[in-house]
Amino acid sequence: MSYVKANAVLPENLIAEIQKYVQGEAIYIPKPEKAHRKWGSLSGARKALDERNLSIKHSFKNGKTISQLAEEYYLSSETIKKIVYKN
């Protein structure tokens, strides 16, 4: 997380109002709910995992065993079970 000096981005009157509550402390101002993004949406990691899981489900439906899939994808059997049995 990077820090931004308040006086570089906020008007003086707002800084004065905030100083009534906090002085010399670092505070976190969260994003609005509508600006939140799901994990991996920017990096493409979520899409890659979804594609991998779809491939695992397809292979399982076509006859590969849990242990074969675990070995092929370097995942535990329990993780493979969660993927293939999830709706």
- Which ones in segment 62-87 are open to solvent by 100 Å² or more (accessible area, probe 1.4 Å) and among the charged types (D, E, K, R)? E71, E78, K82, K86
- Message: Return the residues of segment 2-43 that are in a helix (DSSP H, G or I), modelled with pLDDT under 90 and either open to solvent by 80 Å² or more (accessible area, probe 1.4 Å) or β-branched (V, I, T) (or both); say none if nothing qualifies.
- Response: E33, K34
- Message: List pairs: first residue in segment 3-22 and without any contact (Cβ under 8 Å) to a residue 40 or more places away in the chain, second residue of a type in the set (S, T, N, Q) and exposed (fewer than 10 other Cβ atoms within 10 Å of the Cβ) anywhere in the structure, Cβ distance under 8 angstrom, at least six positions apart or on different chains.
- Response: I15/N7
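The values are calculated or read from the model by the stated rules, or taken from the named source; none is laboratory data. These numbers were taken from a predicted model, which means no experiment stands behind them. Every residue, glycine as well, gets a Cβ built from its backbone with ideal geometry; the counts of neighbours run over all protein chains shown. To get the accessible areas, we keep the full protein, side chains included, count just its heavy atoms, and leave off ligands, DNA and RNA. Shrake-Rupley method; radii C 1.70, N 1.55, O 1.52, S 1.80 Å.
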